[in-house]
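Below: the structure, in structure tokens.
The values are calculated or read from the model by the stated rules, or taken from the named source; none is laboratory data. No experiment lies behind these values; they were computed from the predicted model shown. Virtual Cβ from ideal backbone geometry, glycine too; neighbours counted across all protein chains shown. Just so you know, the surface numbers come from the protein's heavy atoms only, side chains and all, with ligands and any DNA or RNA stripped out. Shrake-Rupley method; radii C 1.70, N 1.55, O 1.52, S 1.80 Å.
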Amino acid sequence: PADKVKCVVFDLDNTLWDGVVGDDGDNVQIKHDVVDLIKSLDKRGIICSIASKNDYSTAWSMVTKFGLKDYFLFSKINWGQKSESIKAIAKEMNVNVDTLAFIDDSRFEREEVKSALPQVRTYDVTDIKKMKELPEFDVPITSQSHVRRASYLENIEREKEYKTLNNNFDQFLLSCKMKMSIFKSNENFDRCHELIS
């Protein structure tokens, strides 16, 4: 695994909430300590995602009901192997898979991920309370950390726009209406350091 985690991938049933959404329906209960972790990671600029074996519309409606849909990017809710979902998340984020971590209540699912992707850190849901204190989550907090999720959302929107223009790159660039400014400043030193380290 890399020294620092860039994305934490969460299971849903009996991890984000108590219960199985397909069986227990609206009776599932959110785990507040998990929500606290998600919000803490978000403040540090660590992206949160989902790899869950569920019916997408049923599970996503519950994530929405709990007011958490905006915290999760690149989520994979399907019936495939979770290791494949994690690989897809890393690819969409454009990061190495060794910068991802995975939380699941199921030992079987954690072992499947460990077997296929030994470079991914895996955690039991019972590890939640101590995770914030682990060194792999102790990342430098910069002005960019607080807006990292928003930056990824902007990239997702740009990708959608690009596809609506039939992958015409020149047309896409024109639609962005970008402006470049050149200036000398030490204000962005922390961000530059973060990008090269």
*Scan (1) in contact (Cβ under 8 Å) with a residue 60 or more places away in the chain; (2) over 16 Å from K6 (Cβ atoms) for the single condition I89 breaks and write down its number.*
(2)
*Quick one: in the range 33-78, which of the residues that are of a type in the set (S, T, Y) and in contact (Cβ under 8 Å) with a residue 24 or more places away in the chain is farthest from M93 (Cα to Cα)?*
T58
*Is it fair to say V139 is more than 18 Å from L37 (Cα to Cα) and surrounded by 13 or more Cβ atoms within 10 Å (Cβ to Cβ)?*
no
*If you take the residues of the range 123-136 that are open to solvent by 90 Å² or more (accessible area, probe 1.4 Å) and of a type outside the set (D, E), which of them is modelled with the lowest pLDDT?*
K129
*Scan the range 43-60 residue by residue and report those that are basic (K, R) and touching a strand residue (DSSP E or B) at 6+ places or on another chain (Cβ under 9 Å).*
K53
*asked:* Here is a check on your reading of the model: is G25 at pLDDT below 95, open to solvent by 10 Å² or more (accessible area, probe 1.4 Å) and at positive phi?
replied: yes
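Select from the range 9-22 the residues that are in a loop (DSSP other than H, G, I, E, B) and either under 13 Å from the mean Cα position of the chain (by Cα) or touching a residue at least 60 places away in the same chain (Cβ under 8 Å) (or both) and write down the one among them that is surrounded by the fewest Cβ atoms within 10 Å (Cβ to Cβ).
Checked the range 9-22; the qualifying residue surrounded by the fewest Cβ atoms within 10 Å (Cβ to Cβ) is N14.
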